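Beneath this line is the structure, given in structure tokens, with notes to follow.
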Ligand code: ADP
Ligand code: ASP
Ligand code: MG
């Protein structure tokens, strides 16, 4: 039997969608719904909620030589996973899986003991430690699918997701991945099974475990969708879709019904955690529609990400914010415009693989915003050889995104009057023409986002935004 690509759907379930036995039950019901419609699902799962953070904490405790602390975290995780499996699985299925989980945890404990003994945590061993989160969750979900008649088949993602060796943020090798997916995953689909693999993890060509960066399970889903030429990619999470801003900041945020790839990519890049920034690319290249859906409210239509933006009466679709940034001011009065100077500055950032979010220049200085990371002191020390350097931490970037900015005059004025009470630094009207962004102090973010949301989503276009929740509130008032 061969599977038509329109019938193939890659379904990614994030940490909260597999956080416990009940969430995994919901996940199974959602996958059953797709199979009942005659679709073939390939499932990508994250680690159970918060497990990645805990594994990182265990790795860093071991790296400090705190063996007992690291093993205590691992023991708690062992209980959580085994208890979840016990709740989900019956009889022989549980007794069959338990030794597999125990074996994984024994390997994790050995690894943590080894790290504690040498007292050094390398990026490579850090990746190996965090990989256990997705390795374990995918095993349990695959087994749960098997018991529920969904023909679950576990696939170790590391056999398919081939990457370079940039530990912590490995770059996927798409043609190698496609070949592996065709070799290992497609035959399972064609045999009527539901392959289940962990997101986020991969391996380099030597078989050494790597990870794709935080939030990377979305990226895995897009790579699998792209590699298998799927008909759709579904990102199942804990909110109704892409919203007009993070609902944790603004509880009255509205669901955006459709958004373009370009807008979604911009939002993800500028901090909307709902999608990993690299997710969109493999999908765009193969023109695969991406849906963002809520596993706690599966009936909701979610957000459809499409090639073209729908016409919208509002200038913006959504507001994103990214914290933990640092502004670096580089002052070199006579040098700035001299040949090769800017290249020398950017080469320093390149050397440390440090991505720059925003750049602004004046006659004598250039200001850059970057993620606050551990290498900033080294970066600044190198820059200090060619300029005066000043660093200011605890900054945040607020970014308003929408293809329809182009058609609206006077937008900048409305944005700045909405946030006139906060101190703005580095304003940019987006080279891409679909975003407007500025830097502010981290502590002002929530207030600024809420003010902007009040102004720009007071009268939302019902063809693009789901206004039903707001209409219900207003009719009760
Ligand atoms: P998952 O574990 O499913 O990958 P994440 O926590 O990574 O979920 O992403 C979902 C979260 O993203 C939501 O709970 C929400 O708080 C946050 N978020 C930030 N910006 C947005 C936005 N514009 N729309 C929806 N969710 C957003
Ligand atoms: N578990 C990983 C993380 O927490 C990857 C993901 O969930 O997408 O970052
Ligand atoms: Mg995520």
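The values are calculated or read from the model by the stated rules, or taken from the named source; none is laboratory data. Quick caveat, the model's predicted, so the values are computed rather than measured. Heads up, the Cβs are rebuilt from the backbone with ideal geometry, glycines too, and the neighbour counts pull from every protein chain shown.
Out of the residues in the range 1-36 that are farther than 17 Å from residue 152 by Cβ and not in a loop (DSSP other than H, G, I, E, B), state the one that is nearest to ligand 3 (Cβ to nearest atom).
Among residues in the range 1-36 that are farther than 17 Å from residue 152 by Cβ and not in a loop (DSSP other than H, G, I, E, B), the one nearest to ligand 3 (Cβ to nearest atom) is 15.
Give the residues of the range 13-32 that are more than 16 Å from ligand 2 (Cβ to nearest atom) and under 13 Å from residue 234 (Cα atoms), sorted by residue number.
Within the range 13-32, 30, 31 qualify.
Go over the candidates 181, 188, 136 one by one and state the one that is closer than 23 Å to residue 90 by Cα and either at pLDDT 95 or above or within 13 Å of ligand 2 (Cβ to nearest atom) (or both).
That would be 136, the only listed residue that is closer than 23 Å to residue 90 by Cα and either at pLDDT 95 or above or within 13 Å of ligand 2 (Cβ to nearest atom) (or both).
Need pairs with beta-carbon distance below 9 Å; first residue more than 13 Å from residue 320 (Cβ to Cβ) and touching a residue at least 24 places away in the same chain (Cβ under 8 Å) and within the range 242-254, second more than 16 Å from ligand 3 (Cβ to nearest atom) and assigned to a loop (DSSP other than H, G, I, E, B); sequence gap 6+ or separate chains.
Sorted first by the residue in the range 242-254, then by its partner, the pairs are 252/244; 252/457; 254/244; 254/457; 254/460; 254/467.
Kindly check whether there is at least one residue in the range 213-223 that is touching a residue at least 12 places away in the same chain (Cβ under 8 Å) and more than 16 Å from ligand 2 (Cβ to nearest atom).
No, the conditions are met nowhere in the range 213-223.
Find the residue count for the range 235-254, including only residues that are in contact with a helix residue (DSSP H, G or I) (Cβ under 8 Å, 6 or more places away or on another chain) and within 16 Å of ligand 3 (Cβ to nearest atom).
Counting residues in the range 235-254 that are in contact with a helix residue (DSSP H, G or I) (Cβ under 8 Å, 6 or more places away or on another chain) and within 16 Å of ligand 3 (Cβ to nearest atom) gives 6.
Check residue 277 against each of (1) within 14 Å of ligand 3 (Cβ to nearest atom); (2) closer than 23 Å to residue 470 by Cβ; (3) free of Cβ contacts under 8 Å to residues at least 40 places away in the same chain and name the one condition it does not meet.
Of everything listed in (1) within 14 Å of ligand 3 (Cβ to nearest atom); (2) closer than 23 Å to residue 470 by Cβ; (3) free of Cβ contacts under 8 Å to residues at least 40 places away in the same chain, residue 277 misses just condition (2).
So is residue 376 free of Cβ contacts under 8 Å to residues at least 24 places away in the same chain and touching a strand residue (DSSP E or B) at 6+ places or on another chain (Cβ under 7 Å) or not?
no
Regarding the range 141-159, can at least one residue be identified that is surrounded by fewer than 19 Cβ atoms within 10 Å (Cβ to Cβ), touching a strand residue (DSSP E or B) at 6+ places or on another chain (Cβ under 7 Å) and farther than 24 Å from residue 51 by Cα?
Yes: one or more hits.
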